[in-house]
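The values are calculated or read from the model by the stated rules, or taken from the named source; none is laboratory data. Being a predicted model, the structure only gives us computed values, none of them experimental. With ideal geometry, Cβ positions are generated from the backbone for all residues, glycine too; neighbour counts draw on all protein chains shown.
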Amino acid sequence: MSAEDREKWNQKYSDPDFAPRKPSPVLLNLAEWLPPQRGRALDLAGGCGRHSIWLAQQGFDVTLADVSAVGLQVAQQRARAVGVTLKPLEHDLELQGLPVGPWDLIVSICFLWRPTPQLLRDSLRPQGVLMMIQPTTINLTRHDKPPRDFLLQPGEIQAMADDCAGASLSVCHVSEGWSIDDRHDAVLVVRRE
């Protein structure tokens, strides 16, 4: 990610009202797939921590990886305010790849990341889970953001699921459609065997 992009996110997160506080209702609906062992969780590009905080409240030891130092500071403040702890990690996923695991849970929400099955298998502990929620280009029929470059194509999530199925990863859930928060989301949940 460029320094310009990093500064853009720092500026956005400087506005206390920019980032929502409540976790995505789509993520909440996937709670049945959370690993029962409640170990190490990684929130990819988690911004101001709305998902990280919820995961910490569920008993996970959460690392929040994001390029924005400002977003990470806001996440830390919000976490302290509700009595949970996060491990902030200023990290450029595009340049540095995934932080070192293994992880019991990886959450990727509204961050366009097309992981390879091998990367997932190697980053997750046995029985570890990936939850990915990403809008598709159909979302543009109702909303102008995120822009097309940051959206999955219709059907792409199923192709990702098919790739995972042959790499010692079991597909727990895959869906695509209008979500309860009025986004056309592609959703994938896989577990390492």
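Assorted remarks:
- Test: residue in region 71-88 that is within 29 Å of VAL171 (Cα to Cα) and either among the basic types (Lys, Arg) or at pLDDT below 95 (or both): yes
For every residue, the table says whether it meets (1) in contact with a helix residue (DSSP H, G or I) (Cβ under 8 Å, 6 or more places away or on another chain); (2) modelled with pLDDT of 95 or more; (3) surrounded by fewer than 20 Cβ atoms within 10 Å (Cβ to Cβ).
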| position | (1), (2), (3) |
| --- | --- |
| SER68 | yes, no, no |
| GLU90 | yes, no, yes |
| ASP104 | no, yes, no |
| LEU120 | yes, no, no |
| GLY128 | no, yes, no |
| ILE138 | no, yes, yes |
| PRO146 | yes, no, yes |
| LEU151 | yes, yes, no |
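- Any hit, region 110-117, residues being of a type outside the set (A, V, I, L, M, F, W, C) and surrounded by 15 or more Cβ atoms within 10 Å (Cβ to Cβ): yes
- Members of region 163-193 that are closer than 20 Å to PRO135 by Cα, touching a residue at least 40 places away in the same chain (Cβ under 8 Å) and polar (S, T, N, Q): SER179
- Count - residues of region 78-133 that are within 12 Å of the chain's Cα centre (by Cα) and either on the phi > 0 side of the Ramachandran plot or free of Cβ contacts under 8 Å to residues at least 12 places away in the same chain (or both): 1
- Residue match in region 10-21 (condition: at pLDDT 90 or above and either within 20 Å of PRO135 (Cα to Cα) or not aliphatic (A, V, I, L, M) (or both)): no
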